[in-house]
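Undergrad: I'd like to ask some things about the structure below.
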Amino acid sequence: MFFSAECCDAHEGQIHRTCVTAATMHIQMAARFLLVRSSPSRVISVSQTRHLSTKAAQSVELTSERYPDVRRGNFSKLNPGHISFFESILGKNRVLTDRADVESYNVDWMKMVRGASEVVLKPKTTEEVSKILKFCNEENLAVCPQGGNTGLVGGSVPVFDEVILSTTLMNEIISIDEVSGVLVCQAGCILEVLDNYLSERGLIMPLDLGAKGSCNIGGNVSTNAGGIRLIRYGSLHGSVLGIEAVKADGEVIDCLSTLKKDNTGYHLKHLFIGSEGTLGVVTKVAIHCPPAPKAINLAFLGLQTFEDVLKTLQLAKHSLAEILSSCEMMDNPTMQAVTQNLKLKCPVEEYPFYMLIETSGSDSKHDEEKLSKFLEEAMSSNLVRDGTLTSEPSRIKQLWQLRERVAEGLVHDGYVYKYDISLPSKMFYAAVPKVAEMLRETKAMRVTGYGHVGDGNLHLNVTSKQYEHDLDSLIESYVFKWTSQVRGSISAEHGIGFKKPKVMHYSKSQSAIGLMQQIKKLMDPKGILNPYKVLPE
Ligand code: FAD
Ligand code: MLT
Ligand code: ZN
């Protein structure tokens with residue numbers, strides 16, 4: 001026994017050195033698990049927004065030059081008549097044509113792709129979106145829908161000169177039913193703003209991700225975003241109850257059900273969830289929001305091997321069961337990226353692997369008892385070598401930064417080759433050392449593995465000082481094929497976007513891709529919505 005339950009009770013949740021009846025080598029380790037009792041609150045991360053200056057945006061190579069194989073579709077070119085029409089619907093202020101205003105909308109968050117659009121439209125209502133799309137369809141103008149522009153697969157920015165339809169001004173919260181927890185809002189609401197709004201009503205959003213300060217709910221739905229709470233609340237296919245979307249021809253499809261149970265015909269909402277703006281523009285979302293947990297605890301752990309990570313995950317699932325709300329992992333090269341590039345401090349000594357295990361529940365005493373028992377077992381069986389445990393909100397926030405800001409830490413290296421794959425648990429980490437070995441003599445700076453281990457979702461990231469075409473080809477030729485061989489998915493949560501249509505076949509059958517192409521043809525016959533994305537030609 002590491003922690004005596006009786007003794008801990010007597011100390012009202014404080015785990016002291018004296019509570020630990022373990023071998024000496026574990027005492028120091030156990031003492032680090034200092035549980036501080038305080039009232040829980042939502043953890044809000046810093047905004048990840050990167051507003052690029054025109055100069056910084058223009059330093060990114062144009063997509064048409066970096067990827068010369070992609071040919072511009074047979075779409076019309078924007079002319080002054082088009083601009084006049086857009087201004088007649090939106091007014092001059094919501095039609096951006098000034099180069100300095102437009103440029104940052106052309107470049108993605110990763111600075112991986114850059115389009116050459118000359119106009120950004122900022123509608124506020126569904127009716128405006130409908131009029132814009134009807135017109136673009138008639139005029140054969142291609143359109144790129146954009147939310148918070150935090151997408152990681154190049155889907156949110158134009159490839160050539162597509163009209164950018166930004167939803168950022170569609171940010172109205174329409175209704176909240178505090179009994180059922182159903183929130184209805186426009187697509188441009190920022191995830192963190194929604195979460196703050198809900199926390200005042202004792203509710204939370206069922207999803208949480210590092211980009212919450214910038215990403216929009218419409219973008220989340222359109223990418224079927226996962227994040228760090230999926231293990232607890234499931235995917236958006238479950239949480240999203242209804243959607244209103246506008247088809248390419250301007251028709252408004254009202255599927256904005258707010259009911260948890262609604263088996264009336266085909267569930268069309270699913271077509272829009274994860275279709276990355278290729279089938280319609282999502283304008284409103286109804287989403288089921290769970291009650292805010294009354295008690296949150298976070299354990300940050302150091303582990304020696306990946307096998308120990310898997311065993312700890314299994315133990316956490318069984319011991320923590322219904323209170324487990326996150327299970328994330330980072331390897332040591334990932335930790336080095338955040339400590340070196342962002343100057344964040346690792347709370348434990350250096351280990352090959354780290355895990356963040358969060359519990360959320362309604363009874364702090366009950367949760368702490370469960371967590372103590374779990375940690376006791378994990379430590380006595382030597383799975384966990386070191387760690388820190390807290391229920392103090394500011395400390396929780398601080399610890400989460402180490403994981404949530406990994407993407408940001410990596411872009412500081414220069415260029416990031418990002419892979420977001422789903423894998424069977426036994427193969428979860430296998431590719432990371434293989435890729436590291438393969439890239440030993442190349443210009444790669446870092447090879448890192450981190451991700452949502454509780455959901456089988458690995459983020460394999462390689463960095464280099466600048467974009468290296470040869471490195472890109474070398475990693476791509478290996479990772480997707482290998483993922484397919486082990487029966488994984490080449491896109492777990494980020495989507496296909498511009499970067500992956502050509503490799504979709506590694507995870508989907510020809511018959512499935514064929515049916516997707518037919519659906520696209522039916523819903524957008526001229527192919528004006530987000531062309532060059534998601535589906536292979
Ligand atoms: P955008 O980037 O603007 O667009 C993404 C795609 O959706 C594009 O194809 C765009 O055309 C389409 N789209 C956007 N809005 C609409 C709309 N209203 N109607 C139709 N199509 C639309 N993703 C995860 O899944 N899990 C994570 O943990 C995670 N963490 C991240 C951390 C950081 C620091 C960053 C930068 C990104 C992270 N992402 C993560 C990726 C990204 O945040 C998500 O994909 C997010 O859902 C994108 O939302 P957005 O509003 O920024 O959409
Ligand atoms: C994450 O889990 O941190 C995000 O998906 C972003 C990334 O993959 O880097
Ligand atoms: Zn992720």
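Undergrad: Only one of (1) over 30 Å from I323 (Cα atoms); (2) open to solvent by less than 30 Å² (accessible area, probe 1.4 Å) fails for A436. Which number is that?
TA: (2)
Undergrad: When the residues of the range 205-220 are filtered to those that are away from ligand 3 (no atom under 12 Å from the Cβ) and among the small types (G, A, S), which remaining residue is surrounded by the fewest Cβ atoms within 10 Å (Cβ to Cβ)?
TA: The selected residue is G213.
Undergrad: Also, I was wondering about something else. More than 22 Å from G497 (Cα to Cα), open to solvent by less than 10 Å² (accessible area, probe 1.4 Å) and among the small types (G, A, S): does that describe A299?
TA: Details: more than 22 Å from G497 (Cα to Cα): yes; open to solvent by less than 10 Å² (accessible area, probe 1.4 Å): yes; among the small types (G, A, S): yes.
Answer is yes for this residue.
Undergrad: When the range 504-528 is examined, which residues are found to be outside any helix (DSSP H, G or I) and out of contact with any strand residue (DSSP E or B) (no Cβ under 6 Å at 6 or more places or on another chain)?
TA: Residues of the range 504-528 outside any helix (DSSP H, G or I): 507-509, 524-528.
Those that are outside any helix (DSSP H, G or I) and out of contact with any strand residue (DSSP E or B) (no Cβ under 6 Å at 6 or more places or on another chain): K508, S509, D524, P525, K526, G527.
Undergrad: For the range 189-203, what are the residues that are assigned to a loop (DSSP other than H, G, I, E, B) and either within 16 Å of ligand 1 (Cβ to nearest atom) or among the hydroxyl-bearing types (S, T, Y) (or both)? Working first, answer last.
TA: Step one: filter the range 189-203 for residues assigned to a loop (DSSP other than H, G, I, E, B), giving 189, 200-202.
Selection gives C189 alone.
Undergrad: Cβ-Cβ under 7 Å, sequence separation 6+ or interchain: first residue in the range 268-283 and among the aromatic types (F, W, Y), partner part of a loop (DSSP other than H, G, I, E, B). Which pairs?
TA: Pairs found: F272/L279; F272/G280.
Undergrad: Just to be sure, is V453 out of contact with any Asp or Glu (no Cβ under 7 Å at 6 or more places or on another chain), more than 12 Å from G488 (Cα to Cα) and either buried (at least 20 other Cβ atoms within 10 Å of the Cβ) or at pLDDT below 95 (or both)? Please lay out each step first, then the result.
TA: Working: out of contact with any Asp or Glu (no Cβ under 7 Å at 6 or more places or on another chain): no; more than 12 Å from G488 (Cα to Cα): yes; either buried (at least 20 other Cβ atoms within 10 Å of the Cβ) or at pLDDT below 95 (or both): yes.
Taking the combined requirement at face value, the residue does not satisfy it.
Undergrad: Cβ-Cβ under 7 Å, sequence separation 6+ or interchain: first residue in the range 406-421 and more than 26 Å from K481 (Cβ to Cβ) and among the β-branched types (V, I, T), partner near ligand 1 (Cβ under 10 Å from one of its atoms) and open to solvent by less than 20 Å² (accessible area, probe 1.4 Å). Which pairs?
TA: Pairs that qualify, where the first residue is more than 26 Å from K481 (Cβ to Cβ) and among the β-branched types (V, I, T) and the partner is near ligand 1 (Cβ under 10 Å from one of its atoms) and open to solvent by less than 20 Å² (accessible area, probe 1.4 Å), are V411/M110.
Undergrad: May I pose another question? How about the range 234-248: which of its residues are open to solvent by 20 Å² or more (accessible area, probe 1.4 Å) and within 16 Å of ligand 2 (Cβ to nearest atom)?
TA: Selection gives S235 alone.
Undergrad: Also, I was wondering about something else. Would you call L402 more than 23 Å from the chain's Cα centre (by Cα), modelled with pLDDT of 95 or more and buried (at least 20 other Cβ atoms within 10 Å of the Cβ)? Give the steps one after another, and end with the answer.
TA: On the way: more than 23 Å from the chain's Cα centre (by Cα): no; modelled with pLDDT of 95 or more: yes; buried (at least 20 other Cβ atoms within 10 Å of the Cβ): yes.
Spelling it out, it is not the case that L402 is more than 23 Å from the chain's Cα centre (by Cα), modelled with pLDDT of 95 or more and buried (at least 20 other Cβ atoms within 10 Å of the Cβ).
Undergrad: Restricting to the range 361-375, what's the tally of residues that are part of a helix (DSSP H, G or I) and crowded, with 21+ Cβ neighbours inside 10 Å?
TA: Keep residues of the range 361-375 that are part of a helix (DSSP H, G or I), which gives 364-375.
Checking which are crowded, with 21+ Cβ neighbours inside 10 Å leaves us with 364, 367-368, 371-372, 374-375.
Counting residues in the range 361-375 that are part of a helix (DSSP H, G or I) and crowded, with 21+ Cβ neighbours inside 10 Å gives 7.
Undergrad: Something else: Could you say which residue among V240, V246 is near ligand 1 (Cβ under 9 Å from one of its atoms), in contact (Cβ under 8 Å) with a residue 24 or more places away in the chain and on the phi < 0 side of the Ramachandran plot? Steps first, please.
TA: Numbers: V240 fails: near ligand 1 (Cβ under 9 Å from one of its atoms).
Among V240, V246, only V246 is near ligand 1 (Cβ under 9 Å from one of its atoms), in contact (Cβ under 8 Å) with a residue 24 or more places away in the chain and on the phi < 0 side of the Ramachandran plot.
Undergrad: Let me confirm something: among S489, S422, which residue is within 15 Å of ligand 3 (Cβ to nearest atom), open to solvent by less than 40 Å² (accessible area, probe 1.4 Å) and in contact with a Gly (Cβ under 7 Å, 6 or more places away or on another chain)? Step through it out loud before you land on a result.
TA: Values: S489 fails: in contact with a Gly (Cβ under 7 Å, 6 or more places away or on another chain).
Sole residue among the options that is within 15 Å of ligand 3 (Cβ to nearest atom), open to solvent by less than 40 Å² (accessible area, probe 1.4 Å) and in contact with a Gly (Cβ under 7 Å, 6 or more places away or on another chain): S422.
Undergrad: Wholly within the range 91-188, which strands (runs of 3 or more DSSP E) include no fewer than the required count, namely at least 1 residues that are open to solvent by 10 Å² or more (accessible area, probe 1.4 Å)? Working first, answer last.
TA: Working: elements: 143-146, 163-166, 173-177, 182-186.
Per the criteria, 143-146, 173-177, 182-186.
Undergrad: What number of residues in the range 249-267 are farther than 30 Å from L320 by Cα and free of Cβ contacts under 8 Å to residues at least 24 places away in the same chain? Show your work before the answer.
TA: Pass one, the range 249-267, residues farther than 30 Å from L320 by Cα: 249-259, 262-267.
Of the ones still in play, those that are also free of Cβ contacts under 8 Å to residues at least 24 places away in the same chain are 254-255, 259, 262-267.
The number of residues fulfilling the criteria is 9.
Undergrad: Name every residue in the range 324-351 that is open to solvent by 30 Å² or more (accessible area, probe 1.4 Å) and more than 14 Å from L460 (Cα to Cα), in order of residue number. Even if it seems obvious, please write down each step before you answer.
TA: Restricting attention to the range 324-351, the residues satisfying the condition of being open to solvent by 30 Å² or more (accessible area, probe 1.4 Å) are 333, 336, 339-341, 343-345, 349-351.
Q336, T339, Q340, N341, K343, L344, K345, E349, E350, Y351 - these are the residues of the range 324-351 that are open to solvent by 30 Å² or more (accessible area, probe 1.4 Å) and more than 14 Å from L460 (Cα to Cα).
Undergrad: Consider R446 against the criteria (1) out of contact with any Pro (no Cβ under 8 Å at 6 or more places or on another chain); (2) open to solvent by less than 40 Å² (accessible area, probe 1.4 Å); (3) charged (D, E, K, R): it satisfies all of them except one. Which criterion is unmet?
TA: (1)
Undergrad: Further question on the same structure: May I ask you to list the residues in the range 490-515 that are in contact with a Lys or Arg (Cβ under 8 Å, 6 or more places away or on another chain) and within 16 Å of ligand 2 (Cβ to nearest atom)?
TA: Across the range 490-515, the qualifying residues are I490, S491, H494, I496, G497.
Undergrad: Mind telling me which of the residues E369, E376, E349 ends up being at pLDDT below 95, over 20 Å from H452 (Cβ atoms) and acidic (D, E)?
TA: Numbers: E376 fails: at pLDDT below 95; E349 fails: at pLDDT below 95.
Checking each option against the conditions leaves just E369.
Undergrad: F300: outside the structural domain of N140 (by TED's automatic domain parsing), of a type in the set (F, W, Y) and touching a residue at least 40 places away in the same chain (Cβ under 8 Å), yes or no?
TA: Working: outside the structural domain of N140 (by TED's automatic domain parsing): yes; of a type in the set (F, W, Y): yes; touching a residue at least 40 places away in the same chain (Cβ under 8 Å): yes.
Yes, satisfied.
Undergrad: Another question, then. Just to be sure I understand the filter: pairs with C-beta atoms under 9 Å, separated by 6 or more residues or on different chains, first member in the range 195-220 and under 15 Å from I287 (Cβ atoms) and in the same structural domain as E172 (by TED's automatic domain parsing), second member within 12 Å of ligand 3 (Cβ to nearest atom) and β-branched (V, I, T). Which pairs pass?
TA: L207/I228; D208/I228; L209/T150; L209/I228; C215/T150; C215/T223; N216/T150; G219/T150
The values are calculated or read from the model by the stated rules, or taken from the named source; none is laboratory data. Just so we're clear, the structure is a prediction, and the values are computed from it rather than from any experiment. Note that each Cβ is placed from the backbone with ideal geometry, even for glycine, and that neighbours are counted across all protein chains shown. Side chains are part of the model used for accessible areas, which takes the heavy atoms of the whole protein and leaves out ligands, DNA and RNA. Shrake-Rupley method; radii C 1.70, N 1.55, O 1.52, S 1.80 Å.
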